[in-house]
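Participant: Pasting a structure below so you can have a look.
The values are calculated or read from the model by the stated rules, or taken from the named source; none is laboratory data. Worth saying up front: this structure is predicted, and the values here are computed from it rather than measured. Every residue, glycine among them, receives a Cβ derived from its backbone with ideal geometry; neighbour counts consider all protein chains shown.
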Amino acid sequence: MRRRERYMETTTKHISLLVIDIDGTLLNPEGVITPYTRSTVQAAQQAGIVVTLATARRYCNTAQVANDLGLAGPIILYDGALIVQHPQATILSSRPLQAAIAQEAVDILVRHGIQPVVHPNESLAEEIWTGPAELDNLWIDAYFTAYPERMRRMPYDALCAGHPDPLRVVAFTAEEAIQDALPEISQLNCTWTTIHRGSYNSAELVVMDKGCSKASAVTALAESSGIPLQEIMALGRV
């Protein structure tokens, strides 16, 4: 019997929910789901385990991955700030960042010469709000090029002020620039995370509501689904 089959036999009785991160876990370095990974996910589903995704991605570039695996149910997005029912594309819950705090984060980034990116909490239109092009860089150009129809530019002081609370504020830039801004960001009443090298080959900074994370979203999902935490297995940065 193959090792995977033995593993599934021993865990089926104890695991009800399998939560998988996408980048760096579900996908290989080439951004592909390997046949072995696909068959392992299918084996979990056949064993009666609910499989879902928890990712920093947005719904627009997560839905295809879910479809590819035949997943149906809640999906955790935006580093835990949003839970969406797939494939119905309905929002189950959101945990936005206070607009005033988000605007402070924007102001800090601008002072450090970093282009802020705001992900508004406005249905699943999933627009990308940013400032004038003067602070763009090669990494952020790649990000904007991927979603040109969703991008909106506006003055820096209007990115969050006067709008509903956004899901998060993000920056794609050099690691040194992020480190320079972190002392001020860390003074805000928020949660922040950094990635040494993300999907766009730059360092990344994410500013979210205090306590928000993929792990907190998994906990909320478990509570709403009536699944004990000890029956959940998480793979990757969850």
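Participant: Could you please let me know if ILE114 is touching a Ser or Thr at 6+ places or on another chain (Cβ under 7 Å), farther than 28 Å from SER216 by Cα and buried (at least 22 other Cβ atoms within 10 Å of the Cβ)?
Facilitator: Numbers: touching a Ser or Thr at 6+ places or on another chain (Cβ under 7 Å): yes; farther than 28 Å from SER216 by Cα: yes; buried (at least 22 other Cβ atoms within 10 Å of the Cβ): yes.
The answer is yes for ILE114.
Participant: So if I check each of LEU138, LEU205, which one is more than 21 Å from the chain's Cα centre (by Cα), not assigned by TED's automatic domain parsing to the domain that holds PRO74 and not basic (Lys, Arg)? If you could, list the steps in order and put the result at the bottom.
Facilitator: Numbers: LEU205 fails: more than 21 Å from the chain's Cα centre (by Cα).
Result of the check over LEU138, LEU205: LEU138.
Participant: Go through the stretch 130-179 residue by residue and tally those that are loosely packed, with under 15 Cβ neighbours inside 10 Å, touching a residue at least 40 places away in the same chain (Cβ under 8 Å) and either assigned to a strand (DSSP E or B) or of a type in the set (Asp, Glu) (or both).
Facilitator: 1
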